[in-house]
Amino acid sequence: MIELLDLEQTLQAFAACSDDHDVYASFGWVHASEGDLLQARFWLPPDEDTAFDDDSEVPAEARALGLTPYLEPATFADVLDVQKRQHPLSGLADYAAALAYYHEYDAFQQVEGIDEALGEATADAQAAARAAGVGAGIFAAFDLQMVACPDARLKSAAQRVARLHEVPVGEALARCRALPLLVGEALDRNRAQAIKHDFEAIGATVQVHGFKPFPWMDAPRLP
């Protein structure tokens, strides 16, 4: 059965991935109906075998719904990512315009105020996005801060910090004695969860600050 999504739901499906590899593993293609993307319907088949029949055509059930191949998932994600880097607080209409432009011209859209097509937003724009709880990329991102650790486990914590920060254990130990300590920044979901679990296993208390991919989403959380 084909599950039809609108553009917002499609972007959220991509945002639910942890990273580019997860996108590749989750979607076989992006199919869409024609016309205004804000009114279009999308289908995200889980693999290429589902996305196309034996003749490399969209399955008859999908054609009956007006769906045609739109973009490869990796390309779709790249368009979102470029738009996000150029204009971190982009709205749904901005992403629709960027996708439509790429689909028509096979090129990234120039964003006003950015000198080059693949340039980045100003530091002020990036800071404004961060203040609004919006991360740098199209996937959820997490900052982890160790806020407490039993004295008896400081050495264990320092060993972990030393690996993460690539510093000598002695320096890491000094950092652990001066809490709070940022132990990870802008981490993807899988990496953040692994580090959080590793520190909590020794009794440390880790505070998580999640950054959402798109302004209209809720802040992400770790289990």
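The order of 30, 82, going from fewest to most other C-beta atoms within 10 Å of their C-beta, is 82, 30. Using only side-chain charges placed at the Cβ, +1 for Lys and Arg and -1 for Asp and Glu, the dipole size of region 141-211 relative to its Cα centre rounds to 160 debye. Sorted ascending by nearby beta carbons within 10 Å, beginning with the fewest, 76, 52 become 52, 76.
Simple point charges give the picture: +1 on the Cβ of Lys and Arg, -1 on the Cβ of Asp and Glu, and for region 7-105 a dipole about the Cα centre of about 520 debye. Between the beta carbons of residue 218 and residue 55, assuming R0 = 30 Å, the FRET efficiency works out to 0.10 to the nearest 0.05.
Go ahead and run the numbers for FRET between residue 63 and residue 104, Cβ-Cβ distance against an R0 of 22 Å, rounding to 0.05. Display every interim value, and only then the final one.
Working: r = 22 Å, r/R0 = 0.98.
According to the calculation, E is roughly 0.55.
Our coupling estimate for region 11-20, obtained by passing each phi through the Karplus curve with A = 6.51, B = -1.76, C = 1.60 and θ = phi - 60°, is 5, 5, 5, 5, 5, 6, 6, 7, 6, 4 Hz, Gly and Pro reported as x. Rounded to 0.05, the FRET efficiency of the residue 167 and residue 127 pair, given R0 = 25 Å and the Cβ-Cβ distance, is 0.40.
Between 125, 137, 186, the Cα set farthest toward the positive side of the dipole of the chain (charges on each charged residue's Cβ, about the Cα centre) is that of 186.
Here residue 155 is the anchor, and the lysines within straight C-alpha reach of less than 22 Å, apart from those fewer than 8 places off in the same chain, are 196. The residue list 40, 97, 219 was ranked by how far each Cα lies along the charge dipole of the chain toward its positive end, using unit charges on Cβ atoms, and 219 comes out on top. Sorted fewest first by neighbouring Cβ atoms within 10 angstrom, 95, 102 come out as 102, 95.
Taking a straight line from the alpha carbon of residue 84, these lysines sit under 17 Å away, with near neighbours fewer than eight places off in the same chain left out: 212.
Any read-out appearing in this document is the output of simple, stated calculations on the displayed coordinates, not a laboratory observation. Model, not experiment: these values are computed from the prediction. Cβ atoms come from the backbone with ideal geometry, glycine included; neighbour counts cover every protein chain shown.
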